[in-house]
1. Can you find even one residue in segment 312-321 that is open to solvent by less than 10 Å² (accessible area, probe 1.4 Å), of a type in the set (Val, Ile, Thr) and in a helix (DSSP H, G or I)?
2. When you look at Leu71, is it part of a helix (DSSP H, G or I), within 16 Å of the ligand (Cβ to nearest atom) and either within 25 Å of the chain's Cα centre (by Cα) or surrounded by fewer than 18 Cβ atoms within 10 Å (Cβ to Cβ) (or both), yes or no?
3. Kindly provide the set of residues from segment 74-91 that are more than 12 Å from the ligand (Cβ to nearest atom) and either surrounded by fewer than 22 Cβ atoms within 10 Å (Cβ to Cβ) or part of a helix (DSSP H, G or I) (or both), ordered by number.
4. Determine which single condition Gly183 fails, assuming it passes every other condition in (1) within 14 Å of the ligand (Cβ to nearest atom); (2) under 17 Å from the mean Cα position of the chain (by Cα).
5. Find all pairs meeting these conditions: Cβ atoms under 8 angstrom apart; at least six residues apart or on different chains; first residue within segment 279-298 and under 18 Å from Ala180 (Cβ atoms); second residue at pLDDT below 95 and of a type in the set (A, V, I, L, M, F, W, C).
6. If you scan segment 93-132, which residues turn out to be free of Cβ contacts under 8 Å to residues at least 12 places away in the same chain, part of a helix (DSSP H, G or I), within 30 Å of Thr186 (Cα to Cα) and of a type in the set (Gly, Ala, Ser)?
7. Can you tell me which condition Thr293 does not meet? The list is (1) surrounded by 13 or more Cβ atoms within 10 Å (Cβ to Cβ); (2) more than 25 Å from Gln159 (Cα to Cα), and all the others hold.
8. Which one of Leu90, Leu138 is touching a residue at least 40 places away in the same chain (Cβ under 8 Å) and within 26 Å of Ala313 (Cβ to Cβ)?
Amino acid sequence: MTSTAAKEHAAPAATPETAPPVWRRKDLLDLETLTRDELVMALDQAAGFKEISTRSIKKAPALRGKVVLTLFYEPSTRTRTSFSLAAQRLSADVVEIAQEASSAKKGESLVDTARNLQAMGVDLIVVRHQQAGAPALLARSLDACVINAGDGTHEHPTQGLLDIFTMREKFKDLAGKRVALVGDITHSRVARSNIWGLKKLGAEVGVVGPKTLIPGALKDLGVNIHYHLDEVLEHYDVFNILRIQLERQASGLFPGMREYHLRYGIDERRLARMRKGVLIMHPGPINRGVEITPGVADGKHSVILEQVTNGLAVRMAVLYLCQGAKELPRDAK
Ligand code: CP
C-alpha cells in the first residue's frame, strides 16, 4: 500500500470528543466529584477484573512491585480484607496498620504517620477514619495515591461503587431504575456515596426512615423522601438496607430496636409485597432481626454476599486506575 493509500485507510485521529476517557485521579475520595464517565470507567474496569478471582491462580501482575498500605482508624471486616486481597491479586505488596497498633496512640498526627509510611516507599494508602475529610487531607499532603475507605459520615466511595456494580450486573442499565435506601441516612456514608453515584447513572433514588434520621436537604438533590416504608414497598426495584447504628438509640434519634423493626425492618411479609425481581442489598455488618430478618438476608432476593464478592473486583479497579493516573506522563495529567 502506498503511503497515500495507507493514510486514506487509517482510522481518523482521535479528537477530544472521540478519544476514550482517561482516568486522571491519583486519589479516590468520593463519588460526588466523579464524572459519569469516570464512574462508568471504574465499573467497566471492575467488570474486567472480576474474572481474575475465578481463576485457579488468582493473580495478575498489574501492580507488581508496588506497595499498598491499609491504614484503618475504625474497625472493618469487609473493606479492609477486600482491599488487601485486591492488592494481592494485582501482585502488590500489602502492609496493614490499625490505629491501636500505630504511633497515633503516642500522639503522632495522621499526616505525619502517613508521610513516614510514604518515606518507606508506600505507593497507595487506603484509609478509613472517623473524621470526615481525613482522606482528602492526606491526598493533599502526599504523592502516594489515597483511597477513601470510609470517612466519618461523609462517603464510602468503594462501597457505593460495589453496590452500583451489583445493581448494574442485574439490570444492565440503571437509568430509570428505582433504588431505595432504608434506615439511618443522616449518619450513613454508604447512603451518600450511593446517592451521588446512582443519580449520575440516571436512577431514581429514594430514602426511607424516621424523620430524625433523614436530612431534608436531600430533596434539593432530587431524592424522594419517605417516612413510611409500607407506602413504598411496591415502588422500588432495589432496597439497600443500612445498618441501624445502635449507638444512635442512646442519643434519642429513634425510640427502640423493637419499634424500629416494626416500622422499618425488612421481613418476609414486606418482601412479599415488593416487586417480583426486587433486589435486597445490605452493605454489612447486619443486625439480624433489627433492620432485616434472617429469612430475607439469606433469601433468594438477597445479593448481600454478591456485593462482597464484587467489592474485590471494584477495589482492584480503583487501586489499578489510581496508580495508573499517578504514572501518566506529566503532559497527559
Ligand atoms: N460495608 C463495610 O464498610 O463493612 P466493614 O465495616 O466491615 O468494612
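The values are calculated or read from the model by the stated rules, or taken from the named source; none is laboratory data. A quick note: this is a predicted structure, and the numbers were derived from the prediction, not measured. Virtual Cβ from ideal backbone geometry, glycine too; neighbours counted across all protein chains shown. All accessible areas refer to the heavy atoms of the entire protein, side chains included, with ligands and DNA or RNA removed. Shrake-Rupley method; radii C 1.70, N 1.55, O 1.52, S 1.80 Å.
1. Step one: filter segment 312-321 for residues open to solvent by less than 10 Å² (accessible area, probe 1.4 Å), giving 313-319.
Subset that is of a type in the set (Val, Ile, Thr): 314, 318.
Those left that are additionally in a helix (DSSP H, G or I): 314, 318.
Yes - at least one qualifying residue is present in segment 312-321.
2. Numbers: part of a helix (DSSP H, G or I): no; within 16 Å of the ligand (Cβ to nearest atom): yes; either within 25 Å of the chain's Cα centre (by Cα) or surrounded by fewer than 18 Cβ atoms within 10 Å (Cβ to Cβ) (or both): yes.
Taking the combined requirement at face value, the residue does not satisfy it.
3. Quick first cut of segment 74-91, residues more than 12 Å from the ligand (Cβ to nearest atom) only: 85-91.
The answer is Leu85, Ala86, Ala87, Gln88, Arg89, Ser91.
4. All conditions are met except number (2).
5. Cβ pairs passing all conditions: Val290/Ile244; Val290/Met257; Glu291/Ile244.
6. Listed by number, the list is empty, since nothing qualifies.
7. (2)
8. Values: Leu138 fails: touching a residue at least 40 places away in the same chain (Cβ under 8 Å).
After ruling out the rest, the residue left standing is Leu90.
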